[in-house]
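The values are calculated or read from the model by the stated rules, or taken from the named source; none is laboratory data. Given the structure is predicted, the values throughout are model-derived calculations rather than measurements. Glycine gets a Cβ as well: all are built from the backbone with ideal geometry, and neighbour counts include every protein chain shown. Note: areas computed on protein heavy atoms with side chains; ligands, DNA, RNA excluded. Shrake-Rupley method; radii C 1.70, N 1.55, O 1.52, S 1.80 Å.
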Amino acid sequence: QVQLVESGGGLVQPGGSLRLSCAASGSIFSISFMGWYRQGPGKPRELVAGQANGGTTSYADSVKGRFTISRDNAKNMVYLQMNSLKPEDTAVYYCNIVHLLKTYWGQGTQVTVSS
């Protein structure tokens, strides 16, 4: 079993920055994908950024140029650096990994962008 724990959410003013972290623990052998999703109020969950093995990275159009995903494979960590935050980035952010063809989710961390 794999457990994911997110951290780094909070309240930030428009234009500010936050860095989310996600630690994966448990019986980990082969993670093929690590990424971040978010779900805003009244909206469906959407992919924000993801990185597959080999370095292929994808971003939602709404965050390109502002958010950066990175991984530390040795520590089984994934990060999301969020810059130039906007009120519409307000959401619960979820860490997501695919491990041995199974998908795992973190509990979510709230990000609120407001003045």
Reach of Lys75 by Cα under 23 Å, taken over lysines that are not fewer than 8 positions away in the same chain:
Lys102
Just how many % of Cα pairs in the chain lie over 24 Å apart, if you round to the nearest whole percent?
20 percent
Could you name the lysines in cross-link range of Lys64, using Cα to Cα under 18 Å and dropping any fewer than eight places away on the same chain?
Lys86
What is the antiparallel percent of DSSP beta bridges lying wholly in the chain, to the nearest 5?
95 percent
Output the peptides 31-40, 65-74, 80-89 sorted from most to least packed, where packing is the average of other Cβ atoms within 10 Å over each peptide's residues.
31-40, 80-89, 65-74
Using Cα pairs under 8 angstrom and six or more residues apart, how large is the relative contact order of the stretch 5-60, in percent?
22 percent
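Heavy atoms only, probe 1.4 Å: what % of the accessible area of the chain goes to carbon and sulfur, would you let me know?
50 percent
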With every protein chain left in place, what is the accessible area per residue of the chain in square angstrom, probe 1.4 Å?
51 Å²
